[in-house]
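Here's the structure, in structure tokens; my notes come after.
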Amino acid sequence: MLLVALSGKCQVKGGFSLFTDHDMYTSGETIFLKIFIPSNEQSGIVNAGLFNCRGKQVAAVFLEMRDQQANGYIHLSDTLSSGCYLVRTTTRTSLTQTLKEVYIVNRFTGLPESNVFLRPEGVIPMLETHLPALQIDGVENSYKRRETCHATLHMPSERLSQTDGNLFVSITKPSPEFNSRTFVIDARPGFSKSVGNEGMIISGTVTNPRTAKPFSNALVFLTVPDSSPRFQYFNTTENGRFFFQLKNYYGEIPVVLQCLDPMTNLPLKIDMSMAEDISTSLPRFESLNFSGEFRKVASKNVEALNFIKIFNQQQIKVQPVLLSKTGKYPFYGVPTRVVYPKQFIDLTNFDEISRELLQGVRFKEYNHIQTLQVFNTQRNRFFDDPPLILINGIPVRDLQIIKNMGTKEIDRIEVCLCERFYGILYFPGVIAIYTTKSDFSWLNESDSLLKLKLDAIQPPSKIISPSDNVFKEPDLRRVLLWLPSLKPEQNIKIYFQTSDVRGKYRLIVRGKGKDGKIFYQEQFFEVN
Amino acid sequence: MLFVFALLGMLAANALEAQEELPKNWNTEKIRGIRFLPDAAYLGTQFLFDRFLDGEIKMEDGTTIGNLQLNYNSYRDELIYYSSAIATQIVVDKISIGSFSLTDKKGISHLFRKQTYNGPMPGDRYFEILSEGDIALLVYRKVLLLTCPVYGEIGKEKNMSYQEAYSYYLYNVIKGYEPIKPEKKSFLSKFDTPDQKLVRKMLQQNKISVNDENSLVKGWNLVKESGVAVHF
């Protein structure tokens with residue numbers, strides 16, 4: 001028992017060091033994130049999210065961990081009401097979570113009239129170590145607007161050898177009106193370490209719609225529809241739970257989840273809860289009043305953001321992810337035959353297509369009931385059971401859907417004329433139809449079928465600088481430089497351009513020592 | 001004492017609270033293939049082993065699936081997998097496999113690797129690796145279905161039988177395949193004439209007479225260690 005108790009506690013301890021570009025934001029803006037991860041953390045994916053004061057998740061991203069660091073961003077929806085929020089970072093196996101307060105002003109409603117806001121009470125802020133030996137040269141006391149500037153970072157050689165991973169350099173306009181704190185609280189890990197470090201995991205529960213009780217041994221299918229579809233299945237556990245690991249997925253991906261009882265083929269009810277709730281782990285909140293300066297700065301930020309939105313100025317450029325080619329062939333095997341109906345005369349429905357183009361496929365309609373059979377080339381006779389029918393990789397059982405598909409709707413058809421196996425699944429032949437349009441409007445959502453747009457791992461991105469985009473309109477950037485992963489060297493030259501926003505700016509260099517402590521050096525300058 | 005146990009129990013429960021327990025091998029790679037249908041019965045066997053053996057498959061993408069019941073169909077150059085979950089013999093898709101290994105009754109591991117063969121009847125083949133290295137010694141364990149005398153020792157028998165037609169190769173990634181036979185003459189011919197004397201001496205000293213597969217492997221490993229250049 002002691003071992004069990006200790007094994008739980010022996011999991012990742014120590015907080016994540018979380019940094020954002022600002023402490024005060026306006027809805028519609030983007031929060032840039034930099035996370036330093038404890039060296040004993042083995043999960044390859046970092047969960048970052050935005051929570052409101054009640055502990056409810058309002059936004060979430062999955063970031064890839066590289067060299068025990070992660071970079072990313074969170075878009076702030078315009079639906080967020082003004083108030084104090086918490087940016088949270090953790091992993092699925094970590095016993096801690098790091099939270100950072102940020103204040104978000106809704107750009108349409110502004111600050112609340114009450115002049116009061118809530119913030120966590122009695123938290124112990126995480127500390128960084130000032131490192132005077134790390135020098136920043138070449139920074140003037142003041143710059144003109146839109147001036148091209150440079151600075152040099154001098155890193156002592158002894159510190160260079162003690163630095164763990166990359167450095168993080170940023171130049172932002174600080175908000176002294178709202179002094180944000182970062183703190184660590186306990187977390188309840190979603191999974192044990194044995195789940196591995198690759199990809200994100202999605203989970204849910206299958207229930208019997210009649211009894212509302214969890215249904216064990218149900219079959220759950222997950223499809224990522226594509227011209228080369230990806231497919232997974234899972235047999236639900238005793239408590240009706242299912243899990244899918246999504247490796248090598250970046251950005252927003254369409255996902256279709258289906259479930260059925262394999263014994264009766266009857267559909268069941270599938271539930272997925274993606275949003276987290278950390279209300280029970282949060283400290284108490286206290287009420288504080290805004291200062292007059294706070295209100296003024298918030299108002300200026302709203303004006304600036306409205307301008308940026310009107311002129312559609314982009315803040316981030318998402319970089320494409322080059323993936324190694326996985327899966328040379330679909331899960332249903334190398335097709336026996338591939339037919340492109342466009343290469344033939346126009347056929348109006350699937351009945352005609354099957355008769356004219358698909359050898360070994362028998363589509364029949366009798367008394368408004370359709371049947372489909374595939375020839376088994378191994379046994380030289382037709383299968384008695386219907387084949388696996390896929391539309392863009394999504395399994396369908398209702399032949400009404402394909403009945404009216406003709407040459408115009410179908411791009412290609414792949415047919416497997418043999419008994420196929422995929423794990424424990426058995427398919428008496430396969431007919432995979434790929435449509436000319438990639439929308440899934442034909443697929444009706446139900447209790448047993450969910451269509452989702454899933455945010456997989458966030459692709460790498462970089463902040464747009466004036467060199468990427470010549471600003472003809474006023475340049476209202478508050479982040480002049482954001483270099484989250486800068487290779488540490490003895491002398492590092494950095495370049496930046498000031499914007500049209502006057503005021504005090506802070507150049508800050510951060511890094512993580514091999515002892516796990518965060519060190520920093522900063523320098524302030526004015527833009528006039 | 002009771003209090004301590006209760007406290008430990010609470011700790012244990014607390015530590016594991018909310019953690020999802022995932023089933024074993026919940027996210028392993030799925031094997032893809034078609035149903036294996038046995039051919040008509042002839043003399044001999046088309047399988048390399050007389051029963052399914054424990055083995056593992058390394059897929060083309062690098063993932064490994066272990067604890068499998070496997071056999072190799074020498075006649076069709078196919079890997080057969082017995083799925084106990086669905087009680088079915090499955091011919092694993094060759095396109096999905098990188099390599100596989102089987103452990104026989106004696107505990108000897110047989111490693112097969114899928115390689116593209118460019119000689120007669122080109123295509124992907126499973127080669128058993130007899131000796132790994134810059135130049136590997138491989139064997140293509142092919143059996144042929146040939147006609148044979150109808151009358152055997154026990155009276156009238158089948159008129160066709162599976163007969164071994166193993167092909168041995170020296171293989172280098174750049175130079176490709178060089179056929180070799182488990183015979184002394186063929187073995188020595190793979191070395192330059194001045195080196196042949198040295199190789200012959202080495203074989204004699206180690207009492208190796210290359211005349212079958214075992215002696216070929218022993219001889220090859222001996223020469224490989226000595227670093228004598230191979231005439232390829």
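Values in this text are rule-based calculations from the coordinates and carry no lab data. Everything quoted here is computed from the prediction, not taken from an experiment. Note that each Cβ is placed from the backbone with ideal geometry, even for glycine, and that neighbours are counted across all protein chains shown.
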- Note to self: C-alpha centroids of the stretch A:413-492 and the stretch A:38-109 sit apart, in Å, by 20
- Compare the peptides A:206-214, A:449-457 by average per-residue count of other Cβ atoms within 10 angstrom and give them in order, highest first. A:449-457, A:206-214
- Note on the structure: Computed over all unlike Cα pairs, the Kirkwood hydrodynamic radius of the stretch B:22-180 in Å stands at 17.1
- Task: Considering only B:VAL139, B:VAL173, B:VAL210, give the residue with the highest GNM mean-square fluctuation for chain B, with springs between Cα atoms whenever their separation is below 10 Å.
- Result: B:VAL173
- Query: Full extension from A:GLU522 to A:THR371: what is 0.36 nm times the residue separation minus their Cα-Cα distance, to one decimal in nm?
  - Reply: 47.1 nm
- Task: Rounded to whole Å and ordered largest first, report the semi-axes of the equivalent ellipsoid of the stretch B:103-221 derived from its Cα gyration tensor (root of 5λ).
- Result: 30, 20, 15
- Query: Which FRET efficiency, nearest 0.05, do A:PHE382 and A:HIS75 yield, Cβ-Cβ r, R0 45 Å?
  - Reply: 0.25
- Burial order of peptide ranges A:244-257, A:95-108 (average beta-carbon count within 10 Å, highest first): A:95-108, A:244-257
- Item | Surface/4 of the Cα convex hull for the stretch A:196-271, nm² | 5.7
- For A:ARG477, enumerate residues with amide H under 5 Å from its amide H, sequence gap 5+ or separate chain, H modeled in the peptide plane. A:ASP500, A:VAL501
- Query: Say a paramagnetic label sat at a point 7 Å from the Cα of B:ASP61, along Cα to Cβ; which residues of the stretch A:326-357 have their backbone N under 14 Å from it?
  - Reply: A:326-333
- Query: Quick one: length gained pulling A:ARG355 to A:LEU486 fully straight, 0.36 nm per residue minus the C-alpha distance?
  - Reply: 40.9 nm
- Task: Kindly provide the helix-only [θ] at 222 nm of chain B, computed as the sum of -39,500 (n - 2.57) over DSSP H runs of four or more divided by all residues, to the nearest 500 deg cm²/dmol?
- Result: -6500 deg cm²/dmol
- Between the residues A:LEU425, A:LEU80, A:ALA275, the Cα farthest towards the positive end of the dipole of the protein assembly as shown, that dipole coming from +1 and -1 charges on the beta-carbon of Lys, Arg, Asp and Glu, is from A:LEU425
- Task: Residues in the stretch A:67-82, backbone N under 20 Å from the label point at A:THR129 (7 Å along the Cα-to-beta-carbon vector): list them, ranges by number please.
- Result: A:68-69
- Query: Counting pairs of Cα atoms in the stretch A:111-180, how many percent are more than 18 Å apart?
  - Reply: 64
- Query: What is the average number of partner chain Cβ atoms found within 10 Å of a Cβ in B:29-38?
  - Reply: 6
- Query: What is the sum of charges around B:VAL150, taking Lys and Arg as +1, Asp and Glu as -1, for the other residues whose C-beta is under 10 Å from the C-beta of B:VAL150?
  - Reply: +1
- Message: Can you sort B:TYR72, B:TYR171 from fewest to most other Cβ atoms within 10 Å of each residue's own Cβ?
- Response: B:TYR171, B:TYR72
- Message: I need the P(r) histogram for the stretch A:134-277: all alpha carbon pairs, bin width 10 Å from 0 out to the longest distance, whole percents.
- Response: 8, 23, 21, 15, 15, 12, 6, 1
- Message: More than 17 angstrom separation, counting every C-alpha pair in the stretch A:229-323; what % is that?
- Response: 76
- Beyond 30 Å between alpha-carbons counts as too far, so tell me which of B:LYS58/B:LYS106; B:LYS105/B:LYS197; A:LYS247/A:LYS269; A:LYS296/A:LYS453 fall in that bin. B:LYS105/B:LYS197; A:LYS296/A:LYS453
- Per-residue average of Cβ from other chains inside 10 Å of A:370-378: 1
- Query: Taking R0 as 60 Å, what's the FRET efficiency between A:SER227 and B:LYS156 from their Cβ-Cβ distance, rounded to 0.05?
  - Reply: 0.55
- Message: Calculate the FRET efficiency for A:ASP439 and A:VAL318 from the Cβ-Cβ distance with a Förster distance of 25 Å, rounded to the nearest 0.05.
- Response: 0.65
- Message: Only counting other Cβ atoms within 10 Å, I'd like A:CYS259, A:CYS418 sorted with the fewest neighbours first.
- Response: A:CYS418, A:CYS259
- In the structure displayed, which of A:LYS56/A:LYS100; A:LYS34/A:LYS517; A:LYS56/A:LYS213; B:LYS175/B:LYS207; A:LYS213/B:LYS24 lie more than 21 Å apart, Cα to Cα? A:LYS56/A:LYS213; B:LYS175/B:LYS207; A:LYS213/B:LYS24
- Dividing the convex hull volume of the alpha carbon atoms of the stretch B:182-232 by its residue count, what do you get in Å³ per residue? 65
- Item | Per-residue average of Cβ from other chains inside 10 Å of B:84-94 | 2
- Note on the structure: Log entry: pair-distance distribution for the stretch A:411-517, C-alpha pairs binned every 10 Å from zero, whole % per bin is 9, 19, 21, 12, 15, 19, 5, 0
- Message: Can you compute the equivalent ellipsoid semi-axes for chain A, i.e. the square root of 5 times each eigenvalue of the Cα gyration tensor, sorted largest first and rounded to whole Å?
- Response: 52, 27, 23
- Spin-label model distance (nm) - A:ASP447 vs A:ASP500, 7 Å beyond Cα toward Cβ: 5.8
- Any chance you could give the angle, 0 to 90 degrees and rounded to 10, that helix A:292-310 forms with the longest Cα principal axis of chain A? 40
- Task: Return A:GLU41, A:GLU414 ranked ascending by Cβ neighbour count within 10 Å, so the fewest neighbours appear first.
- Result: A:GLU414, A:GLU41
- Message: As a test of the formula, what do you get for chain A when each DSSP H run with n ≥ 4 contributes -39,500 (n - 2.57) and the sum is divided by the residue count, at 222 nm and rounded to the nearest 500 deg cm²/dmol?
- Response: -2500 deg cm²/dmol
- Task: Diagonalise the Cα gyration tensor of the stretch A:364-474 and give the resulting equivalent ellipsoid semi-axes, square root of 5 times each eigenvalue, largest first, whole Å.
- Result: 42, 18, 15
- For chain B, list the DSSP H helices whose alpha carbon atoms reach 18 Å or more along the long axis and whose average Kyte-Doolittle value is 1.0 or above? B:2-16
- Item | Taking all pairs of distinct alpha-carbon atoms in the stretch A:1-142, Kirkwood radius in angstrom | 17.1
